[in-house]
Each structure stands twice: as structure tokens, then as C-alpha cells.
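**Q** Pasting a structure here, questions to come.
Bear in mind these aren't lab numbers, they're just calculated from the coordinates by the rules spelled out. Remember, predicted model here, so these are calculated numbers, not experimental data. Ideal geometry is used to build each Cβ from the backbone, glycine not excepted, and the neighbour counts take in all protein chains shown.
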Amino acid sequence: MRNYESLYIIHPDVVGDELTAMVEKFQKVLTDQAAEIHKLDNWGVRKLAYPIQKVERGCYVQTLFCAEPEVIAEFERRLRLDEKILRFLTVRFKEEFPAVVEAEPAVEEVAKPATEEKSDSADAAPTMEENQ
């Protein structure tokens, strides 16, 4: 199986449950053909670089998945048939997908006691008054 990334743009008039249903429909197209979806990311509505069919905004959806090459033809055929899809692009990754890194909880620094702060200042370079 090969690694692929697919990015498609949905018409901005598709919102809410209809948008969720559309994303799930294309996800199901992949899973029905034994593709393994690694990441599905809805980027939300963004401004397009140029108008497509007189539309200036679109909802971007990114999918990272592993599949056989035959799966891509059917997936893109379904994207092409849907009138609400403005554009799509599927590319092959030659390498493995980057690991998803979970954010680690922030570690709070404990305030130093006042005695340690004084000892730090004693280690500093001597001032002019101390040299004389």
C-alpha cells in the first residue's frame, strides 16, 4: 500500500451537518476500498487564490491515507462527479507520514528562594567599588 494526501475544496454554501455528511461520504469511499485513513483534517472556509466558478471562498479538507493505486481512480471519480467539489488534488508520499506529536503539558518553573538569588549575585563579576 502507498501513502497519499488528498486535498479537496468544498463549495462554501455547504455548512453544518451537510458538510459533515459530505466529508464522511468521501471518507467512506476510501474505507470501503480497504484504505487506511491516518488523518482527516477540516481546515474550514478560506479565501481561494483565484475565483473558481465565480466563487472566492471554499472549505478545505485534507486526508492522509494508505491505499492501493486502484483506489485513487475511484476516489477521484467520485470527487469529480460531485458538483459541490470545486477542486481536488491527490499526491503520493514517497516517505512515511510524519508522526502526530501530542502537545506535552507545560512545566512550570518553581521560584527560587531568596537565599539562592543572593548567592547568584555574589558570583557576578566584581563592581568598580569592590576593586578599589
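**Q** Using a simple spin-label model with points 7 Å from Cα along the Cα→Cβ vector, what separation in nm is obtained for H38 and E95?
**A** Distance between label points: 1.1 nm.
**Q** Just subtract the alpha-carbon distance of R57 and E83 from 0.36 nm times their residue separation and send over the number in nm, one decimal.
**A** Once the chain is fully extended between R57 and E83, it gains 7.8 nm.
**Q** For region 2-93, place one equal point scatterer on every Cα, skip the solvent, and apply the Debye formula. What is log10 of I(q)/I(0) at q = 0.23 Å⁻¹?
**A** Evaluating at q = 0.23 Å⁻¹ gives log10 I(q)/I(0) of -1.20.
**Q** Could you tell me the number of lysine pairs in region 2-93 with C-alpha atoms less than 19 Å from each other, where the two lysines are 8 or more residues apart or belong to different chains?
**A** 6
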